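Shown next, in structure tokens, is the structure this report addresses.
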Amino acid sequence: MIDNFNSSKEFFASSNGYKGFISYFDLIFNAKDYKRLYILKGGPGTGKSTLMKKAAALAEERGADYEVIRCSSDINSLDGVIIYTANGRRVGIIDGTAPHMRDTALPGCADTLVDLGLGWDMGVLESSRERIEELSKRKKIYYAKAYEYMSVSSVFADYIKAEIKKFFDIVGARAECRRIISAVFEGKKSGRISKKLVSSFSDIGYYTLPTLDKISDKKYAVYGIHDSDKLILSMLVDELYGMGADFCAIPSPFDKDTYEAVYFEDSRISITAGGVGERILDSTAYITAPDAIENDIAIDAIYNSRDLFLSYAAEKIADAKKCHFELEKIYSGAMDFSKISEISDSILEEIGNIMNSV
């Protein structure tokens, strides 16, 4: 069961990729873009996600626009919340622990560290030290094995991509991308580009948030086979970069150089690889030798091999999560949550004051 928020804006800021952990935290949570950015520190089970959910609830109560940043390895947990206040100020609260380690960039004047470890009973944790060390070691091993399996799956994914490129009319497809942009783009050209994820890969496999369906007034889809649609999306992103367009590029969780969608915030238009929407382009029209692709008897086997190793990776992420949940139980059992409540109340009061200020 996935925790529900009333905000239609839900994204991921990191992912488990073919080549390891991929993070967009520094891009999304750039301190210079925030009036205040709270960076939460502390072990598992110390109340980081709970505090972020309270911040989201405060934004909801005040009628403020806000974004929920879900954890890519556990979609019921949060990695961050971004609140857009009526006076144009942006407030963020994020998980600053591993694997997305974060320190302050503009200490005190923009971002600040919040140590939830102040609620620990060191004596209780010391008595569980061997168990903590064991679980932490096992969790690390499981994630390492998951990334090994994902690396193997990337070999098959890269083969499929290379085969498509062999028989793809790049010049013609790029010209079509420029035509599409000319037809649908109505935004600004100030070079304001963001990157966010709507998909993740975890113990439940590949998962896509319904965000684009919710925030788009107009939805277009690029059709394709063997990821030729994603090849077109990557070309679209290149063309948009080149013209200095304002847009949000939405990468694949597996590969930061492959794109699943683009979103134009000013006009609330999205273009996705596959998905629901008006078909704006059939990328198979640019495959110059479709029979060579369709009759490649190895393709199905390659897809199956890719998916098999991804399933192995998902199993190892599930094993790592079990260790994480055990660690949460230990740490939460050693917490004085009255201290955390004081810290939380103080932060929420500060956020409320920022929202009220002119």
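The values are calculated or read from the model by the stated rules, or taken from the named source; none is laboratory data. Quantities reported herein were computed from a predicted structural model and do not represent experimental measurements. Cβ sites come from the backbone with ideal geometry, for glycine too, and all protein chains shown count toward neighbours. Accessible surface is based on the protein model in full, side chains and every heavy atom, while ligands, DNA and RNA are left aside. Shrake-Rupley method; radii C 1.70, N 1.55, O 1.52, S 1.80 Å.
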Count of residues meeting criterion [more than 20 Å from ASP111 (Cβ to Cβ) and either open to solvent by 10 Å² or more (accessible area, probe 1.4 Å) or in contact with a Cys (Cβ under 8 Å, 6 or more places away or on another chain) (or both)] in the stretch 72-97
6
Against the condition touching a Leu at 6+ places or on another chain (Cβ under 7 Å), open to solvent by less than 80 Å² (accessible area, probe 1.4 Å) and either in contact (Cβ under 8 Å) with a residue 24 or more places away in the chain or under 24 Å from TYR331 (Cβ atoms) (or both), how does VAL222 come out, does it pass?
yes
Among (1) open to solvent by 10 Å² or more (accessible area, probe 1.4 Å); (2) out of contact with any helix residue (DSSP H, G or I) (no Cβ under 6 Å at 6 or more places or on another chain); (3) in a helix (DSSP H, G or I), VAL237 falls short only on (1)
Tell me which residues, restricted to the stretch 299-344, are hydrophobic (A, V, I, L, M, F, W, C) and over 27 Å from ALA55 (Cα atoms).
ILE299, ALA301, ILE302, LEU308, PHE309, LEU310, ALA313, ALA314, ILE317, ALA318, ALA320, CYS323
Hey, among the residues in the stretch 106-158 that are small (Gly, Ala, Ser) and closer than 21 Å to LEU51 by Cβ, which one's nearest to the chain's Cα centre (by Cα)?
ALA110
Scanning the stretch 243-301 for residues that are of a type in the set (A, V, I, L, M), in contact (Cβ under 8 Å) with a residue 60 or more places away in the chain and farther than 19 Å from VAL222 by Cβ gives ALA289, ALA292, ILE299
The stretch 53-131: strands (runs of 3 or more DSSP E) wholly inside it with 2 or more residues that are under 20 Å from LYS196 (Cβ atoms) and out of contact with any His (no Cβ under 8 Å at 6 or more places or on another chain) are 65-70, 78-84, 90-95
Just to be sure I understand the filter: pairs with C-beta atoms under 9 Å, separated by 6 or more residues or on different chains, first member in the stretch 196-213 and without any contact (Cβ under 8 Å) to a residue 60 or more places away in the chain, second member among the basic types (Lys, Arg). Which pairs pass?
none
Looking at the stretch 98-124, which of its residues are open to solvent by 20 Å² or more (accessible area, probe 1.4 Å) and more than 22 Å from GLU350 (Cα to Cα)?
ALA98, PRO99, MET101, TRP120, ASP121, MET122, GLY123, VAL124
Considering only residues of the stretch 253-275 that are hydrophobic (A, V, I, L, M, F, W, C) and touching a Lys or Arg at 6+ places or on another chain (Cβ under 6 Å), which is farthest from SER73 (Cα to Cα)?
ILE269
Can you tell me which condition TYR259 does not meet? The list is (1) of a type outside the set (S, T, N, Q); (2) under 27 Å from ARG70 (Cβ atoms); (3) surrounded by fewer than 19 Cβ atoms within 10 Å (Cβ to Cβ), and all the others hold.
(3)
